[in-house]
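Structure first, commentary second.
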Amino acid sequence: MIQKHAFPGVYHAGSKLFTKSLPSAKGRRVYGEKLVYQSQEEYRSWNCYRSKLAAAISKGCKSFPFNEKSSVLYLGAASGTTVSHLSDILTKGVLYAVEISPTIFLDLLKVSKTRPNIIPLLADANKPNAYKPVVGNCDGLYQDVSQRNQVEIFIKNSDTYLKVRGYGMLIVKARSIDVTTSPSVVYDRTRLQLEERGFEVMESVDLRPFYKDHLALFVKSM
Ligand SMILES: C[S@@+](CC[C@H](N)C(=O)[O-])C[C@H]1O[C@@H](n2cnc3c(N)ncnc32)[C@H](O)[C@@H]1O
C-alpha cells in the first residue's frame, strides 16, 4: 500500500520510495523504474542506488528543501534520473537542470519533453553567469557534480541564484575532492568552508550503504 511520506510529494510503501508521475509524463519510464498503480494514480519507484536524494531520504534525513511550488537550480542533472523525480514533486514549480556533457544532455532533453517544469541547460556549472538569461532567483540549489572544486561551484551558484535564506543540498563526493585524504576529513573541511562562506549547515547524511564516500549536506544561506 503506497502512502504519503512526511516530505511533500514523496510516497512510500514500507521502505520503498515513490513519486507520483507528473500528469504529462504518465506511462513513461526514465531509467527502467517500476510504474505502480493505486486508486487511479500512477507512481514511479524511486531507486536509492540510482538517486542520492532518494538515498538521503531512505537514510532518514530530517531536511527536505523542496515542495510543489519550489524553484530549484540543479547542477549535474546527468540523464535526468533524480531530476525526473524532482519534476514529479515540483508540480507547480520549476527545475533548472544544468548538465555539461552534450551526449548525456540528449537523454535529459528527452526526459524534459514530457515534463514542462524542467528547463534543460547545456552549460558548465563553473560559469553560472552563462545561464543568467534563463535562470531566476531560486528557492533551492541541488548539486551533484563529482568535481574536485565542487564546493567552489556550489558557492558561486549560490551567490548568483540562491535567495536569502534559501536551501541548498550538496552531494559531497569525497574521492573527487581528494583521493589521498580520508572522507571524514574531507567532509569536515567542506562543512567549515561552507560555514566560513556564511551557510548554516543544518544536517549531514552519510549515504552508505547506497553510495560509498558520499555525504549529503543540507545548508541554508544567510
Ligand atoms: C554523478 S552524475 C549526476 C547524477 C544525477 N545527479 C542523478 O542523480 O541523476 C554527475 C553529473 O555532473 C555532470 N557535471 C560534471 N561537471 C559539471 C559541470 N561543471 N557543470 C555541469 N555538469 C557537470 C557530469 O557530466 C555528470 O552527468
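The values are calculated or read from the model by the stated rules, or taken from the named source; none is laboratory data. As the structure is a computational prediction, the values presented were derived from the model and not from experiment. Quick reminder, even Gly has a Cβ in these numbers, built from the backbone with ideal geometry, and neighbours come from all protein chains shown. Quick note on the areas: whole protein, heavy atoms, side chains included, nothing else; ligands and nucleic acids left out. Shrake-Rupley method; radii C 1.70, N 1.55, O 1.52, S 1.80 Å.
Counting only DSSP beta bridges with both residues in the range 50-221, tell me the antiparallel percent, nearest 5.
The antiparallel fraction comes to roughly 40 percent.
Choose one of Y211, F7, S176: the residue whose Cα lies farthest towards the positive end of the charge dipole of the chain (beta-carbon charges +1 Lys, Arg; -1 Asp, Glu; about the Cα centre).
Of the options given, the answer is F7.
For the range 3-15, just list the computed ³J(HN,Hα) in residue order, Karplus coefficients 6.51, -1.76 and 1.60, θ = phi - 60°, integers in Hz, with x standing in for Gly and Pro.
These are the phi-based 3J(HN,Hα) values: 10, 5, 8, 5, 8, x, x, 9, 10, 8, 10, x, 8 Hz.
Give the residues of the range 15-45 whose amide nitrogen is closer than 16 Å to a point set 7 Å from the Cα of K92 in the direction of its Cβ.
Residues passing the 16 Å test: 23.
Give me the lysines in straight-line cross-link reach of K62: C-alpha distance below 19 Å, same-chain residues under 8 apart excluded.
Reachable lysines: K4, K16, K52, K220.
Starting from the Cα of S15, step 7 Å along the direction of its Cβ; do the same at T103; then give the gap between the two resulting points in nm.
Here the modelled spin labels are 3.5 nm apart.
Report in % the part of the accessible area of the chain that belongs to carbon and sulfur, leaving out ligands and nucleic acids; probe 1.4 Å.
Taking all protein chains in place, the chain shows 51 percent carbon and sulfur surface.
Measure off 7 Å from each Cα along the Cα-to-Cβ vector at D159 and Y49, then give the distance between these two points in nanometres to one decimal.
In this crude spin-label approximation the distance works out to 4.1 nm.
In whole percent, what relative contact order does the range 50-221 give with Cα contacts below 8 Å and a gap of six or more residues?
The normalised contact order for the range 50-221 reaches 22 percent.
Taking amide hydrogens as modeled 1.01 Å from N in the peptide plane, which residues meet the under 5 Å criterion relative to Y142, leaving out close sequence neighbours?
HN-HN under 5 Å from Y142: L73, Y74, L75, M169.
Provide the per-residue ³J(HN,Hα) series for the range 188-195, in order, calculated from phi with Karplus coefficients 6.51, -1.76, 1.60 and θ = phi - 60°, each as a whole number of Hz, with x at glycine and proline positions.
Result, rounded to whole Hz: 4, 4, 5, 4, 4, 4, 5, 5.
Out of the trypsin sites (Lys or Arg not before Pro) in the range 171-222, which ones are loop residues according to DSSP with at most 12 other C-beta atoms within 10 Å?
Sparse-neighbourhood loop trypsin sites (Lys or Arg not before Pro): K212.
Could you please put T190, T180 in sequence from largest to smallest accessible area, using a 1.4 Å probe?
In descending accessible area the options line up as T180, T190.
For K26 and E68 in the same chain, what is the full-extension length gain: residue separation times 0.36 nm, less their Cα-Cα distance, in nm? Working shown, then result.
Values: separation 42, 0.36 × 42 = 15.12 nm, distance 1.76 nm.
Roughly 13.4 nm would be gained on extension.
Per-residue accessible area for F7 at 1.4 Å probe radius, Å² rounded to 10?
Surface accessible to solvent at F7 totals approximately 30 Å².
Just reorder Y131, Y31 by solvent-accessible area, largest first, 1.4 Å probe, all chains present. Could you put the intermediate results ahead of the total?
Working: Y131 5, Y31 35 Å².
Ranked list, largest accessible area first: Y31, Y131.
If the chain were replaced by its equivalent ellipsoid, with semi-axes equal to the square roots of 5 times the Cα gyration tensor eigenvalues, what would those be, largest first, whole Å?
Those come to 26, 20, 16 Å.
Probe radius 1.4 Å, ligands and nucleic acids left out: which of I177, I89 has the largest accessible area, and how do the rest follow?
I177, I89
Does anyone have the angle between helix 102-113 and the longest principal axis of the chain? Alpha-carbon axes, 0 to 90°, nearest 10?
Taking Cα atoms only, the helix is inclined about 40 degrees.
In whole Hz, what ³J(HN,Hα) sequence does the range 49-56 give by Karplus (6.51, -1.76, 1.60; θ = phi - 60°), x for Gly and Pro?
8, 10, 9, 6, 5, 4, 4, 4
How much area per residue is accessible in the chain when the probe is 1.4 Å and only protein heavy atoms are counted (Å²)?
Values: 10400 Å² over 222 residues.
Averaged over the residues of the chain, the accessible area is 47 Å².
With a 1.4 Å probe and every protein chain left in place, tell me how much accessible area M222 has, in Å² to the nearest 10.
M222 exposes around 120 Å² with every protein chain in place.
Taking 7 Å along the Cα-to-C-beta vector as the label spot, tell me the Q193-K212 distance in nanometres, rounded to one decimal.
2.3
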